[in-house]
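Remarks on the structure that follows.
Read-outs: derived from the displayed coordinates by stated rules, not from any lab. Values in this document were obtained by computation on a predicted structure and should not be read as measured data. Methodologically, a virtual Cβ is constructed for each residue, glycine included, from the backbone with ideal geometry; neighbour enumeration extends over all protein chains shown.
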Amino acid sequence: MNEATRPASIGEDEVKARLAKELPHWYFEDGWIRRKYKTEGWKATLMVVNTVGHLAEAAWHHPDLTVSYAFVIVKLMSHDAKGITERDFALARRIEEVVQWQPGKEGGPLEGTPQEQRFRYIKYD
């Protein structure tokens with residue numbers, strides 16, 4: 001990729017300001033934008049990983065993941081730009097929309113996951 005087609009990286013101060021405004025549960029650390037999703041256990045963790053994997057593959061922009069029993073950490077950075085770009089923000093927004101989606105709060109025919117412990121899988125913010 002040449003300089004003309006390389007995506008422009010966004011400065012650290014702007015990244016932090018935009019995260020605070022657009023993606024308040026994400027944070028900037030060591031050159032990456034990051035988000036920790038807490039789950040109710042291993043099955044839920046795998047569901048989050050698979051969701052992030054599908055969205056990333058469809059976008060052709062691939063995060064680094066840290067996966068444990070009850071959480072997933074998503075890290076985004078554009079390697080070709082050596083920093084954070086609009087692609088990182090776009091994918092972070094899509095991940096946030098899908099993983100944090102709670103149909104029961106929207107009304108309509110989709111009820112959402114019951115709040116009983118045996119059914120919960122994501123610890124929503």
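For the reader, a short list of remarks on this structure follows.
- Taken over region 58-84, the criterion of being assigned to a loop (DSSP other than H, G, I, E, B) and over 14 Å from Glu22 (Cβ atoms) is satisfied by Trp60, His61, His62, Pro63, Tyr69, Ala70, Met77, His79, Asp80, Ala81, Lys82.
- Residues within region 37-69 that are of a type in the set (S, T, N, Q) and surrounded by 15 or more Cβ atoms within 10 Å (Cβ to Cβ), tallied: 3
- Inter-residue pairs, beta-carbon under 8 Å, first more than 17 Å from Val15 (Cα to Cα) and in region 81-110, second of a type in the set (Gly, Ala, Ser) and not in a helix (DSSP H, G or I), 6+ apart: Gln102/Gly112; Pro103/Gly112; Gly104/Gly112; Lys105/Gly112
- Residue in region 38-47 that is out of contact with any strand residue (DSSP E or B) (no Cβ under 9 Å at 6 or more places or on another chain), among the β-branched types (Val, Ile, Thr), assigned to a helix (DSSP H, G or I) and under 21 Å from Asp125 (Cβ atoms) present: no
- In the set (1) surrounded by fewer than 12 Cβ atoms within 10 Å (Cβ to Cβ); (2) acidic (Asp, Glu); (3) under 15 Å from Arg87 (Cα atoms), the condition left unmet by Glu22 is number (1).
- Checked against (1) free of Cβ contacts under 8 Å to residues at least 12 places away in the same chain; (2) outside any loop (DSSP other than H, G, I, E, B), Phe119 passes all but a single condition, namely (2).
- Contact map, region 6-17: first residue without any contact (Cβ under 8 Å) to a residue 60 or more places away in the chain, second residue of a type in the set (A, V, I, L, M) and surrounded by 15 or more Cβ atoms within 10 Å (Cβ to Cβ), Cβ cut-off under 8 Å, separation 6 or more or different chains; the map is empty.
- Val72 surrounded by 13 or more Cβ atoms within 10 Å (Cβ to Cβ), of a type outside the set (S, T, N, Q) and touching a residue at least 40 places away in the same chain (Cβ under 8 Å): no
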